[in-house]
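To start, the structure itself, in structure tokens.
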Amino acid sequence: MAGRTRTLAQVYRHFGEVEAAKASPLYERVAVALSESDDALRAIEAAPARKRNPTLILAALHDLALAGRAPELAAAYAAADGDAAADAAIDTLLRMTDAIVAVATCRQPRPDETGRGAVLYPAIAEVARRAGAHQVGLIDVGCSAGLNLTVDRVGIRYGNGQSLGDPSSPVQVSASIVGDRALPTRALPEVVARVGIDVDPVDVTDADDARWLRACVWPDQPERIARLEAETALAASAPPLLLRGDAIELMRDAFAHVPADALPVVTTTWALSRFPLESRLRFLHRLDEEAAGRAVAWVPAEGVGVAPTIPTLGDRRASGHSIIGLALFDGPTLRTEAVGRCWSQGRLLSWLGDS
């Protein structure tokens, strides 16, 4: 095989044996089988180079299975039969190369964005309290499917016995608490606007988009699948306004959809790391510009040092956890604070602010 193909084989083997091994025995078996099949690797090479990664190709295969176009693969996934899934994946790749390449070319992997309300809810409630706001308009940057915009409509349970949100919601999320400091228990004010901005937003009311979200979850992770389906159904019951394009350029449009007597609260959850530093500073400047006429809040949950002006608490960059911050722009005044740390994208939380 050519050097390029060997490299692709190594990528798929590493994905199977290292990245998928503990979380998905099914994908471990499928990825290793693809790495050992010259024919499968040649089929994958029909996709553009940046679209050949295992996460995307496996999601494209899963999408075809969910759409009923690869019934043998769907049956193997449903049975959690790794050997059958490996054979069916290779067969599907060879028979439907063009279809898989088409899906992979027009789509991008969607990270697990569920459950972030456990981090966002107390932070949004706190910044609203500081601003004296009785209503808020949520603007989520890098929103993907806009699931963060349902933060006020979910129930949240914390490992220390505290709870927030709606205990009767069909979506219940949980987070473990690190440390002995309690979270603030105040409720979110009324949410009067929900706006998401993304270069490629996912419309949960569109069947193809909703299926793609589902396809990005590994088939043998039923708890993640159930959580995603509940959250997408909740979002679809009151769809947010989705703006497609550059977040900095669209910020003014987003703010225009927040009533004048409501506090705009911009949220970013692991979104700014995709921006170069210069763009992060422009993002901050745009928030400052919008604050010329009214108070504006920003709630980031980002890696250490990623969110400009948010204190790092002396933590090292790339330390494996993220900082939960609050920023309140009020005319010429900017107040920032780090109110917590979180791990595993909000599954573990340490609250540091006043409660």
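Below are the figures for this structure:
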read-out: Hey, E45 among the acidic types (D, E), touching a Leu at 6+ places or on another chain (Cβ under 8 Å) and surrounded by fewer than 20 Cβ atoms within 10 Å (Cβ to Cβ) or not; value: yes
read-out: A262 more than 16 Å from the chain's Cα centre (by Cα) and either at pLDDT 95 or above or surrounded by 13 or more Cβ atoms within 10 Å (Cβ to Cβ) (or both); value: yes
read-out: Unique residue being within 30 Å of G68 (Cβ to Cβ), assigned by TED's automatic domain parsing to the domain that holds Q345, of a type in the set (A, V, I, L, M) and in contact with a strand residue (DSSP E or B) (Cβ under 6 Å, 6 or more places away or on another chain) when the list is L242, L263, L213; value: L242
read-out: Selected residue (criterion: farthest from P122 (Cα to Cα)) from residues of segment 154-195 that are crowded, with 17+ Cβ neighbours inside 10 Å and either in contact with an Asp or Glu (Cβ under 6 Å, 6 or more places away or on another chain) or without any contact (Cβ under 8 Å) to a residue 12 or more places away in the chain (or both); value: V171
read-out: Options R244, R214; residue that is touching a Pro at 6+ places or on another chain (Cβ under 9 Å) and in contact (Cβ under 8 Å) with a residue 12 or more places away in the chain; value: R244
read-out: Every residue from segment 265-305 that is surrounded by fewer than 24 Cβ atoms within 10 Å (Cβ to Cβ), of a type outside the set (G, A, S), over 22 Å from D315 (Cβ atoms) and in contact with a Phe, Trp or Tyr (Cβ under 7 Å, 6 or more places away or on another chain); value: L287, D288, E290
read-out: Filtered residue count, segment 137-192, keeping only those that are more than 16 Å from C342 (Cα to Cα) and touching a Cys at 6+ places or on another chain (Cβ under 9 Å); value: 1
read-out: Selection from segment 18-32 of residues that are touching a residue at least 60 places away in the same chain (Cβ under 8 Å) and either in a helix (DSSP H, G or I) or surrounded by fewer than 19 Cβ atoms within 10 Å (Cβ to Cβ) (or both); value: A23, P25, L26, Y27
read-out: Condition broken by L334, with the remaining ones in (1) at pLDDT 90 or above; (2) more than 17 Å from L263 (Cβ to Cβ); (3) not small (G, A, S) satisfied; value: (2)
read-out: Whichever residue in segment 115-136 is over 16 Å from I324 (Cβ atoms) and surrounded by fewer than 23 Cβ atoms within 10 Å (Cβ to Cβ) and, among such residues, is farthest from the chain's Cα centre (by Cα); value: G132
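The values are calculated or read from the model by the stated rules, or taken from the named source; none is laboratory data. Everything numeric in this text was worked out from a predicted model, so none of it was measured. Reconstructed Cβ throughout: ideal geometry from the backbone, glycine too, with neighbour counts over all protein chains shown.
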